[in-house]
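*Asks:* I have a structure here, written as structure tokens, and I will follow up with some questions on it.
The values are calculated or read from the model by the stated rules, or taken from the named source; none is laboratory data. Computed from a prediction, not measured in an experiment: that's the story for all the values here. Don't worry about glycine lacking a Cβ; one is built from the backbone with ideal geometry, like all the others, and counts go over all protein chains shown.
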Amino acid sequence: MAYAQANASASSSNAPAPRLVRGLHVPARVLGEKLALAMAGDADEPAYEKLSDREYQIMWLLASGKTVSDIARQLFLSANTVSTYRARILKKINVRNNAELMRYAIRHQLVD
């Protein structure tokens, strides 16, 4: 890691001190930009666009009123796997339950 010298003046170097990230030295400015982008996300892109194809498929089935067990049987998956997908979907689109998921899907015209 890099440390600033106690007697070094602020104007002696315009470059920010590097930070250690996953074993790599990265300038603080770059870290700040990456953090800001990650926190802001893409404001123009709806949250459902961030879902994988399988997550989207399961979201659509849940929003259509199917149960986890129904989806598991239909897609030849275990109910635990479908529940894991459901949890990821709820987190990614920032809803808390299936009712909110249904409202979200209707509002974004993802289901009839």
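*Asks:* Please go through the stretch 85-112 and pick out each residue that is outside any loop (DSSP other than H, G, I, E, B), over 11 Å from residue 48 (Cβ atoms) and not hydrophobic (A, V, I, L, M, F, W, C).
*Replies:* Residues satisfying the conditions are 85, 86, 88, 91, 98, 100, 103.
*Asks:* Of all residues in the stretch 49-84 being farther than 19 Å from residue 97 by Cβ and assigned to a loop (DSSP other than H, G, I, E, B), which is modelled with the lowest pLDDT?
*Replies:* 52
*Asks:* Under 7 Å between Cβ atoms, at least 6 apart or on separate chains: pull out the pairs that start in the stretch 88-112 with a residue that is in the same structural domain as residue 64 (by TED's automatic domain parsing) and closer than 20 Å to residue 45 by Cβ and end on any residue that is basic (Lys, Arg) and part of a loop (DSSP other than H, G, I, E, B).
*Replies:* 90/96
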